Amino acid sequence: MNKKVVVFSQIDSEVQAKLAEKYQLVVLNPKQGDINAQIRQAVVDADAMIGAGRLLNESNIATAEKLKIISSVSVGYDNYDVDYLNQKKIWLSNTPHVLTETTADLAFTLLMSAARKVPSLDHWTKQGEWQRTVNATQFGQEIFGKTLGIIGLGHIGAAIARRGFYGFNMNIVYHNRREKIEVAQQFNAQYKSLEALLKQADFVVVAVDLNSQSKALIGAQEFALMQKHAVFVNIARGSVVDEQALTEALQNRQIFAAGLDVYQKEPLQQSPLFELDNVVTLPHIGSATAETRKKMAELAFQNLVDALEQRTPRYLVNENF
């Protein structure tokens, strides 16, 4: 009998078709009732799961008896209880690297949009407010030649630094769990303590993984250290930032602006952030281009196939059992 694969969220249609050719496919649909109840029922005899954006833990996969792999169509894996997966000897794979450049593009989109007040001025123009030459109320912040502070100099952080250094002649400073001398040399980047970076940077971009050390990394104390003209950008995970502290910093004009793609609770449907004209709010679209999502789906497909065909997947998050 064909091995059973559970598709627990929407994935690329061509990849789904390829899976259907090889395996018995069960596609879950939240419109058909409680999604967690569907997961509990579907995983009882499932060999693999593929998808993204769902919380998977003991509450909904304890019924799995022979699950070999959860292939996540994502880089981040904070939605999964990795300790529990290790306990059950279930592989978790992800799709790193293929979304590095497009996520770095979005970080700079947010940086530039927030610095130059693009969304609010677009609205202002369309509302017919542009009746005379703009004044200081509409002025933004210059980007070229300024200091860019990057918190987390991984693949994405380095790609952001490259854009700032080569594209905008920016001075690069960074904070990381450890110094990355070889990477930093490419951009003449200087390693700083978090406090020093926040005090010095004109633009602060957060690009860290979410873990026990980075949760609530940026809060009221950190915003108080930033310069009044500073622009804050988060393309990491919402829980890295104290959202209430950020909201208050923006409300009080403690910092100039923010550009956000991630939030503590997603989808973000109601928030005081929506009432502010100095924040750009995007719906977690860091990797949301047709080309990148295709690459991610293909990589997740290959991780899954490798596991089911007794090969070690290329990108494992947890142990090689």
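Do we find that residue 168 is open to solvent by less than 60 Å² (accessible area, probe 1.4 Å), over 15 Å from residue 232 (Cβ atoms), modelled with pLDDT of 95 or more and of a type in the set (Phe, Trp, Tyr) in this structure?
Taking the combined requirement at face value, the residue satisfies it.
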**Prompt:** residue 212 fails exactly one of the following numbered conditions: (1) within 19 Å of residue 260 (Cα to Cα); (2) surrounded by fewer than 16 Cβ atoms within 10 Å (Cβ to Cβ). What is the number of that condition?
**Reply:** (1)
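With the structure loaded, tell me whether residue 32 is of a type outside the set (Gly, Ala, Ser) and either over 23 Å from the mean Cα position of the chain (by Cα) or open to solvent by less than 50 Å² (accessible area, probe 1.4 Å) (or both) or whether it fails that test. Explain how you work it out, then say what you get.
On the way: of a type outside the set (Gly, Ala, Ser): yes; either over 23 Å from the mean Cα position of the chain (by Cα) or open to solvent by less than 50 Å² (accessible area, probe 1.4 Å) (or both): yes.
Against the criterion (of a type outside the set (Gly, Ala, Ser) and either over 23 Å from the mean Cα position of the chain (by Cα) or open to solvent by less than 50 Å² (accessible area, probe 1.4 Å) (or both)), residue 32 qualifies.
Results for (1) touching a helix residue (DSSP H, G or I) at 6+ places or on another chain (Cβ under 8 Å); (2) open to solvent by 40 Å² or more (accessible area, probe 1.4 Å); (3) within 14 Å of residue 107 (Cα to Cα); (4) part of a loop (DSSP other than H, G, I, E, B), shown as yes or no for each residue.
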{"site": "122", "(1), (2), (3), (4)": "no, yes, no, no"}
{"site": "140", "(1), (2), (3), (4)": "yes, no, no, yes"}
{"site": "157", "(1), (2), (3), (4)": "no, no, yes, no"}
{"site": "178", "(1), (2), (3), (4)": "no, yes, no, yes"}
{"site": "188", "(1), (2), (3), (4)": "yes, yes, no, yes"}
**Prompt:** Assuming residue 83 fulfils every condition listed in (1) over 20 Å from residue 321 (Cα atoms); (2) open to solvent by 40 Å² or more (accessible area, probe 1.4 Å); (3) not in a loop (DSSP other than H, G, I, E, B) apart from one, which condition is it?
**Reply:** (1)
**Prompt:** Which of the residues belonging to the range 248-287 are open to solvent by less than 10 Å² (accessible area, probe 1.4 Å) and free of Cβ contacts under 8 Å to residues at least 60 places away in the same chain?
**Reply:** 249, 250, 255, 262, 273
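Would you tally the residues in the range 55-80 being part of a helix (DSSP H, G or I) and open to solvent by less than 20 Å² (accessible area, probe 1.4 Å)?
Total satisfying the criteria: 2.
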**For residue 105: the one exception among (1) within 14 Å of the chain's Cα centre (by Cα); (2) not in a helix (DSSP H, G or I)** = (2)
**Request:** Could you tell me whether residue 294 is at negative phi, assigned to a helix (DSSP H, G or I), surrounded by fewer than 18 Cβ atoms within 10 Å (Cβ to Cβ) and not hydrophobic (A, V, I, L, M, F, W, C)?
**Result:** yes
**Item:** From the options 243, 222, residue that is touching a Leu at 6+ places or on another chain (Cβ under 6 Å) and farther than 25 Å from residue 139 by Cα
**Value:** 222
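The values are calculated or read from the model by the stated rules, or taken from the named source; none is laboratory data. These figures come from a predicted structure and were not determined experimentally. When we count neighbours, we look across all protein chains shown, and the Cβ atoms used for this are built from the backbone with ideal geometry, even at glycine. Only protein heavy atoms, including side chains, enter the accessible area calculation; ligands, DNA and RNA are left aside. Shrake-Rupley method; radii C 1.70, N 1.55, O 1.52, S 1.80 Å.
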